[in-house]
Amino acid sequence: MMNHFFSTFVRNRLFAILFVILFFGLVGYMSMRLGKIVEIVFSLRIYVFLFISLCIYMIYMFIYEKSQKIYKKTHRLYAICNVILCFLIYMIIGFLVVDIMSMVISIDVYICYRYFSACYNIWNYQSKTYLCKNGKCLYRRYKEYTSCFFEDIHIGHFMKSDQLDKIVKKVKCLTVDYVFIVGDTFNDDAFEYMNLKVIAQQFKELSNHKKVYAVLGNHDPCSKHSRVYEFFEKANIELLVDDVREFDDFYIIGRDDITTNPYRKSLDELFKHVNTDKPVILL
């Protein structure tokens, strides 16, 4: 009786409508999730392209299945598409599990994607260029400066000396006035077992033609440790721990990390002697 009901239902127009709705829903869901990974890793927004591509792909699979021809010329392509379909099904299940877990235990829905993109970007470095204009330039003529910001390199288990060397060489090739290292230079306890002398020497190459400043992140060692200051001094990098540096045309303020130093200075304290008529770079 149940089999008869099901076989009748799948031939019903209602099933066809529900199937189409489910089809476009899953394709849209897959496009959003894959698109988010692509955006995180490659900084490309291709959601619409993915949706159209997946629609064409699935429609081709459907037409092939419904074709009455005995010999089908694209049978090899269909075989490849079948393998891809298996991966897509497992990916959808994986994405759904992550989304359901995020609702049950309140985790960030994109936490898995971020770990994936972090691992990927260890070996694939990308740079973005931004043009920043300050409204205060209308009242006073400021000199133009260029700077490079980079962060979260997490020297340790994944980021080894050879990968760090690639980053240093890439930054050295940039024509900038200042280099800012904005936290998480090391990964957790890596400061204890990495060869700090070699790493300091690698970083020192950045300061040959550029002034380098750094602040600490939540994965870096605590700012209270004297070895931290010794390392950055040997690397010829000025470490800013709740410090203010004034220049002719702007200020640089470097805050300590709140997770390792809950007693760090407040912004009000740091800005107490800052002339806010000048632009301020807050690290």
- Message: Less than 15 Å apart at the alpha-carbon level, and either on another chain or at least 8 residues along: which aspartates and glutamates does that give for LYS172?
- Response: GLU205
- Among residues other than THR175 whose Cβ falls under 15 Å from its Cβ, what is the net charge (Lys/Arg +1, Asp/Glu -1)? +3
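Mind ranking 216-222, 273-279, 45-51 by how tightly packed they are, going by the mean number of other C-beta atoms within 10 angstrom, highest first?
Working: 216-222: 19.1, 273-279: 11.4, 45-51: 14.4.
Packing order, densest peptide first, comes out as 216-222, 45-51, 273-279.
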- Which residues does a label at GLU238 reach in region 269-283, if reach means a backbone N under 15 Å from a point 7 Å past the Cα toward the Cβ? 280-283
- Query: If you add up the charges near GLU238, with Lys and Arg at +1 and Asp and Glu at -1, over every other residue whose beta carbon is less than 13 angstrom from its beta carbon, what do you get?
  - Reply: +3
- Message: Taking 28 Å as the cut-off for C-alpha to C-alpha distance, list the pairs among LYS211/LYS265; LYS224/LYS272; LYS204/LYS272; LYS210/LYS278; LYS170/LYS272; LYS166/LYS272 that go past it.
- Response: LYS204/LYS272; LYS170/LYS272; LYS166/LYS272
- GLN201: net charge of surrounding residues, Cβ under 11 Å, Lys/Arg +1, Asp/Glu -1, itself excluded? +1
- Message: Among ILE199, VAL212, PHE247, whose Cα projects farthest towards the positive end of the dipole of region 174-276, with charges put on the beta-carbon of Lys, Arg (+1) and Asp, Glu (-1)?
- Response: ILE199
- Note on the structure: Excluding residues fewer than 8 positions from LYS143 in its own chain, the aspartates and glutamates with Cα under 12 Å of it are ASP177, ASP248, ASP249
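Leaving ligands, DNA and RNA out of it, rank ARG255, ARG13 by accessible area with a 1.4 Å probe, largest first.
Final ranking, largest accessible area leading: ARG13, ARG255.
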- Packing-ranked peptide list from 227-238, 91-102, 76-87, highest mean Cβ count within 10 angstrom first, is 227-238, 91-102, 76-87
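The values are calculated or read from the model by the stated rules, or taken from the named source; none is laboratory data. In this text the structure is predicted, and so the values were computed from the model without any measurement. Note that we place each Cβ from the backbone using ideal geometry, even for glycine, and neighbour counts take in every protein chain shown. Just the protein is used for accessible areas: all its heavy atoms, side chains included, with ligands, DNA and RNA removed. Shrake-Rupley method; radii C 1.70, N 1.55, O 1.52, S 1.80 Å.
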